[in-house]
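Visitor: Have a look at the structure that comes next, please.
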Amino acid sequence: MPPTTDATIRLAGVADLEAIRAIYNYYVERSTCTYQLEPDTEQDRLAWFQQRTAAHPVTVAEWGQEVLGWASLSPWKPRGGYARSVEASVYIRHDCHRLGLGRALALDLIERAKAAGHHTILGGACTTQTASLALQESLGFVRVAHLREVGYKFGRWLDVVYTQLILTPEG
Ligand SMILES: CC(C)(COP(=O)(O)OP(=O)(O)OC[C@H]1O[C@@H](n2cnc3c(N)ncnc32)[C@H](O)[C@@H]1OP(=O)(O)O)[C@@H](O)C(=O)NCCC(=O)NCCS
């Protein structure tokens, strides 16, 4: 198992997309931490990556040249007035949980969001995703919304809890 203090957090490149895809597809097929129903193809991930900008980065946690987790900031909504609001995603390889990698990626994302001039970060999770919600709340995200039965996966309706961190209260 990797010692977490040795993991490097860096911007992702095209060469990381297969690892990112594998980490994510594991959850698509088994978990309600994403409501995506079909695994990403190589083309899906490449198209997703090509839409990224400096304000909406993808990062990876790397240890010993292996990508063990990834994170991203995505636009909250496309209209211009939402430009400084972003949604965070963090996915750690299933066999590398509780090593501090999720926290390290999330803390790095918060710093990148501040540097990019974003005003607020939103997090979302299924109510059953206790790890995700605990991580968000441990970083100061506050629960702001609970949407009932907006997702449907594995034969049942699922709620979404949104959490929010305000980065620049002054403006
Ligand atoms: C949620 C996730 C990113 C956490 O990453 P991780 O590397 O395992 O978490 P860390 O070791 O950095 O833990 C940081 C904090 O998160 C919380 N946490 C993490 N896993 C937890 C769990 N299973 N139960 C309760 N709290 C948990 C704790 O507050 C923990 O701090 P502590 O270790 O001091 O108690 C990881 O479980 C994951 O990838 N899950 C699947 C994908 C997902 O749900 N992503 C979030 C949606 S975008």
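Visitor: So what is the relative contact order of the chain, in percent, for Cα pairs below 8 Å that sit 6 or more residues apart?
Guide: Working: 287 pairs, mean separation 33.4, N = 171.
Relative contact order comes out at 20 percent.
Visitor: If you don't mind, there's one more thing I want to ask. Summing -39500 (n - 2.57) over the DSSP H runs of n ≥ 4 in the chain and dividing by its residue number, what mean residue ellipticity at 222 nm do you reach, to the nearest 500 deg cm²/dmol?
Guide: Working: 4 runs with 47 residues, N = 171.
My calculation for the chain gives -8500 deg cm²/dmol from helical runs alone.
Visitor: Place the peptides 11-19, 52-60, 120-128 in order of packing, highest mean first, counting for every residue the other Cβ atoms within 10 Å and averaging per peptide. Mind dumping the intermediate values first?
Guide: Details: 11-19: 14.3, 52-60: 16.7, 120-128: 19.1.
Result, highest mean first: 120-128, 52-60, 11-19.
Visitor: Still on this model: Can you tell me the Rg and the Dmax, both Å, for the Cα atoms in the chain?
Guide: Final numbers for Rg and Dmax: 15.5, 44 Å.
Visitor: Once you place label points 7 Å from the Cα toward the Cβ at Ala83 and Thr130, how far apart are they in nm?
Guide: Output for this residue pair reads 4.3 nm.
Visitor: Size of the dipole of the stretch 22-128 about the Cα centre, Lys and Arg at +1 and Asp and Glu at -1 on the beta carbon, nothing else charged, in debye to 20? Working shown, then result.
Guide: Working: 11 positive and 11 negative charges, 106 e Å.
Taking the Cα centre of the stretch 22-128 as origin, the dipole is about 500 debye.
Visitor: Another question, then. Who wins for biggest fluctuation among Phe49, Phe154, Phe141 in a Gaussian network model of the chain, springs between alpha carbons below 10 Å?
Guide: Phe154
Visitor: With a 1.4 Å probe and all protein chains left in place, how much accessible area per residue does the stretch 4-166 have, in Å²? Write down the numbers at each step before the final one.
Guide: Numbers: 8740 Å² over 163 residues.
That works out to 54 Å² for each residue.
Visitor: Just the number, please: carbon plus sulfur as a percent of the accessible area of the chain, 1.4 Å probe, no ligands or DNA/RNA counted. Intermediate results must be reported in sequence, preceding the final value.
Guide: On the way: 4910 of 9340 Å².
Accessible surface attributable to carbon and sulfur in the chain totals 53 percent.
Visitor: Using a 7 Å offset from Cα along Cα-Cβ at Leu167, what residues in the stretch 38-68 end up with backbone N under 15 Å from the label point?
Guide: What the label zone holds, given the 15 Å backbone N cut-off, is 53-59.
Visitor: How high is the FRET efficiency between Leu46 and Arg10 when r is their beta carbon distance and R₀ equals 22 Å, given to the nearest 0.05?
Guide: Efficiency computed from Cβ-Cβ geometry: 0.70.
The values are calculated or read from the model by the stated rules, or taken from the named source; none is laboratory data. Just so we're clear, the structure is a prediction, and the values are computed from it rather than from any experiment. Glycine also receives a Cβ, built like all others from the backbone with ideal geometry; neighbour counts cover every protein chain displayed. Surface areas here come from the heavy atoms of the whole protein model, side chains and all, with no ligands, DNA or RNA. Shrake-Rupley method; radii C 1.70, N 1.55, O 1.52, S 1.80 Å.
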